[in-house]
Amino acid sequence: MFEYFPGNYVWNLGVVATLNSGGLIDEVDRACRPIRDAATKGSDVGTRDFMAAWTAVVDDRDRRIHRQGQQDGTASSDRFCRFHPTHYSYC
């Protein structure tokens with residue numbers, strides 16, 4: 001299994017599930033790079049950091065999609081794409 005976080009099975013499982021479901025490596029890297037040190041403390045210790053990092057990437061992606069939709073006239077709340085370490089959905 002691909003290990004972005006060496007020795008942290010739970011977090012790696014989330015990363016691999018995201019990639020296997022169509023997640024972009026750039027988005028995965030932007031979510032995971034800031035929390036690499038937290039991963040060494042165990043999956044339970046850094047869970048809040050893990051979720052906050054993924055949420056920040058999701059929120060950034062939603063803002064970009066919404067801004068693009070406003071520019072081309074297709075903005076609506078149902079066009080937002082959401083991704084999470086355990087699932088990824090396209091618009």
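Assorted remarks:
- Label-point separation, R63 to K41 (7 Å along Cα→Cβ), nm: 2.6 nm
- Potential extension, L13-A56 segment - 0.36 nm per residue separation minus Cα distance: 13.5 nm
- Along region 22-36 the Karplus relation, 6.51 cos²θ - 1.76 cosθ + 1.60 evaluated at θ = phi - 60°, assigns HN-Hα couplings of x, x, 7, 4, 4, 5, 4, 5, 5, 6, 8, 3, x, 10, 4 Hz to successive residues, with x for each Gly and Pro.
Each value in this text was obtained by applying a stated rule to the coordinates, not by laboratory testing. The shown structure was predicted, so the numbers you read here are calculated from the model rather than taken from an experiment. Neighbour counts run over all protein chains shown; Cβ positions are idealised from the backbone, glycine included.
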